[in-house]
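A short worksheet on the structure shown next.
The values are calculated or read from the model by the stated rules, or taken from the named source; none is laboratory data. Model, not experiment: these values are computed from the prediction. Because the Cβ atoms are built from the backbone with ideal geometry, glycine has one as well, and the counts that use them run over all protein chains shown. Only protein heavy atoms, including side chains, enter the accessible area calculation; ligands, DNA and RNA are left aside. Shrake-Rupley method; radii C 1.70, N 1.55, O 1.52, S 1.80 Å.
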Amino acid sequence: MQTELIDWSRAQFALTALYHFLFVPLTLGLSFIVAIMETIYVKTGDAKWKTITKFWMTLFAINFAIGVATGLIMEFEFGTNWANYSWFVGDIFGAPLAVEGILAFFMESAFFAVMFFGWNKVSKSFHLLSTWLVAVGSNLSAFWILVANGWMQYPVGMEFNPDTVRNEMANFWDVALSPVAIAKFLHTIGSGYVIGALFVIGISAWMILKKRDVLEAKRSMVVGASFGLLVSIFLILSGDESAHQVAQQQPVKLAAMEGHYKGLKRAGIIAVGILNPDKKIGDDIHPFYGDIEIPYALSFLGYHDIDAFVPGLDDLVLGNEEYGIESAASKIEKGKIAVKALQAYKEAKQSDDQTAMSESRKLLKEYMPYFGYGYLEKPTDIVPPIALTFYSFHIMVALGTWFIILFLIVLYLTMANDITRFRKILWLTLWSIPLGYIAAEAGWIVAEVGRQPWAIQDLMPVGIAATHIDAGNVQVSFWLFALLFTVLLIAEIKIMLRQIAYGIKGGH
């Protein structure tokens, strides 16, 4: 397949996903913060909390509506740009997406109407229930989408059918409850909650700086900072589990995240480092121009054992007999056996040669775990872009650490002091809103770039997943989507800013 076509198809999906995830995390986080604020209103009967709730709910609704539009386009792209992928695994990949659409999105949308338009039309308790169900529905939608994504990272619960050349679901619960999917879900929604909290304290900081609705802004800050601090701590735990799962199922990605070339026992984490771009697999060049390492931390992060051996990129590409690590060249050889066995099976079926069909099927089953390697050309093809994966991972971790500090400072100054006197902290809080999005997008880059060259881990490289269409068609749609999403983003920001300018007690 043309490299140009693959690159444009990949670029288009990356563009759509990155834009979509500008809207999703705020929906996830703000939905629960709004539910908490309304709960306080219902419990206390204080009308100011109702005003506060309605202000943040309006901003949630604006973001929700535009986020849905970008998400729908992503699902269509599986059919238009990734037809081979959709044929190969559509029976499995489509199931969680169908559940998301039928159950979670339906629930979310139905109660959204009550939540937004039902003030003074339904009872307080039913309205509050609707708000909580919107929050739960939003997160359930995220769960099923991340189950689908988690399956691509760690394909389980299926069997390959050589008659249809499709993977078919053998166990739904293995797919839905795979440890990779669960870890991915928890870490992703955690990042969304942090963005929601940053958004609330950042906008509240702006209100205080402008001396607008100060009491309401301070109350919003207490809820936002408390929520943000709790979920930031949760994010550390879910991040630890995510890294553990990556170490078990995608060790090449973990090695790229850390620029880790030589396998080591008691391996450390690079806290800060500048990669040496001249470093190649198997040479003796030091991978960093300079670095600061935290001893033992990578062994503990990946295997929960400070003495554990962590394979490096050299081990994973070239193999390491001492630790029983198979080389990529060996896997490619086995993959080519699987690909040839499938072809032999199809030919035997056409000639109705039952003996040959049986032998080919047996061979295919034995080597199917290496099937995707059969389409790779050389061992180093299993290595993802190291610099992009490494720096994205470290930016995400550094910003995550900053958010914990920020939530602590804001919560302390709001509750135990007068935060209105700390204008530099307020400006810092406001300008931390975009940092939340940078951290979340960096996380997705680690997850998706770090698993290259795979569309489905070990089974299908991206190069054969794309649809055989003219690259020019993908280029045209790429620029159309880029224009459309940019217009949507600008529209959202403008509408948001106008609504924020009205103030918490303003029109909503």
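Okay, here's what the table says:
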quantity: Accessible surface, per residue, of the chain when the full set of protein chains is kept, probe 1.4 Å, Å²; calculated: 44 Å²
quantity: Computed P(r) (all Cα pairs; the stretch 42-105; 5 Å bins; percent); calculated: 4, 13, 15, 16, 13, 9, 9, 7, 6, 5, 3, 0
quantity: HN-Hα J in Hz across the stretch 57-62 - Karplus 6.51, -1.76, 1.60, θ = phi - 60°, x for Gly and Pro; calculated: 5, 5, 5, 4, 5, 4
quantity: Mean residue ellipticity (222 nm) of the chain, computed from DSSP H runs ≥ 4 via -39,500 (n - 2.57), nearest 500; calculated: -24500 deg cm²/dmol
quantity: Peptides ranked, highest mean first, by Cβ atoms within 10 Å: ranges 214-224, 86-96; calculated: 214-224, 86-96
quantity: Unit Cα scatterers, Debye sum, the stretch 24-68: log10 I(q)/I(0) for q = 0.16 Å⁻¹; calculated: -0.40
quantity: 0 to 90° range, to nearest 10: angle between helix 3-44 axis and the chain longest Cα axis; calculated: 40 degrees
quantity: For the chain, projected area of the alpha-carbon convex hull averaged over all directions, nm²; calculated: 26.1 nm²
quantity: Under the Debye formula (equal points on every Cα, no solvent term), log10 I(q)/I(0) of the stretch 244-390 at q = 0.10, 0.16 Å⁻¹; calculated: -0.44, -0.85
quantity: Listed residues 332, 308, 356: farthest to the positive end of the dipole of the stretch 299-368 (Cβ charges); calculated: 356
quantity: Segment residue 123-residue 291, extension gain: residue separation times 0.36 nm, minus the distance between their alpha carbons; calculated: 54.5 nm
quantity: Long-range HN-HN contacts of residue 325 with modeled amide H, under 5 Å; calculated: 320
quantity: Sequence of 424, 280, 184, 331 when ordered by accessible area, the most exposed leading, probe 1.4 angstrom; calculated: 424, 280, 331, 184
quantity: Kirkwood Rh, angstrom, the stretch 428-508 [1 / mean 1/r, Cα pairs]; calculated: 16.7 Å
quantity: Inter-site label distance for residue 468 and residue 349 at 7 Å from Cα along Cβ, in nm; calculated: 1.8 nm
quantity: Theoretical gain in end-to-end length, residue 304 to residue 416 [0.36 nm per residue, Cα-Cα removed]; calculated: 36.5 nm
quantity: Centre separation in Å (Cα based) which lies between the stretch 1-46 and the stretch 424-484; calculated: 13 Å
quantity: Convex hull volume of the stretch 1-151 per residue (C-alpha atoms, cubic angstrom); calculated: 99 Å³
quantity: Nearest-10 value in Å² for the accessible area of residue 212, using the 1.4 Å probe; calculated: 70 Å²
quantity: Around residue 348: net Lys/Arg minus Asp/Glu count, Cβ-Cβ under 10 Å; calculated: -1
quantity: Quotient of Cα Rg and 2.2 N^0.38 Å for the stretch 331-468, N being how many residues it contains; calculated: 1.80
quantity: Note, ³J(HN,Hα) from phi for the stretch 292-309, Karplus 6.51, -1.76, 1.60, rounded to Hz, x at Gly and Pro; calculated: 10, 10, 9, x, 6, 5, 5, 4, 5, 4, x, 10, 6, 8, 5, 8, 5, 7
quantity: Solvent-accessible surface ranking, highest first, for 300, 23 at 1.4 angstrom; calculated: 300, 23
quantity: Peptide ranges 401-412, 145-156 listed from the most packed, as the mean C-beta count within 10 angstrom indicates; calculated: 145-156, 401-412
quantity: Computed over the stretch 150-266, the ratio Rg/Rh where both radii use C-alpha atoms and Rh is Kirkwood; calculated: 1.20
quantity: Rounded tilt (10° steps) of 328-350 against the dominant C-alpha axis of the chain; calculated: 70 degrees
quantity: Whole-angstrom gap from the stretch 66-125 to the stretch 270-348, using each part's C-alpha centre; calculated: 37 Å
quantity: Largest to smallest accessible area among 305, 458 [probe 1.4 Å]; calculated: 305, 458
quantity: Whole-number D in µm² s⁻¹ for the stretch 360-432, Kirkwood Cα-pair radius fed into Stokes-Einstein, 37 °C, 0.692 mPa s; calculated: 192 µm²/s
quantity: Cα pair distances in the stretch 224-312, grouped into 10 Å bins until the bin that holds the longest one, percent each; calculated: 17, 43, 28, 10, 2
quantity: The stretch 142-214 and the stretch 365-416: distance between their alpha carbon centers, rounded to Å; calculated: 14 Å
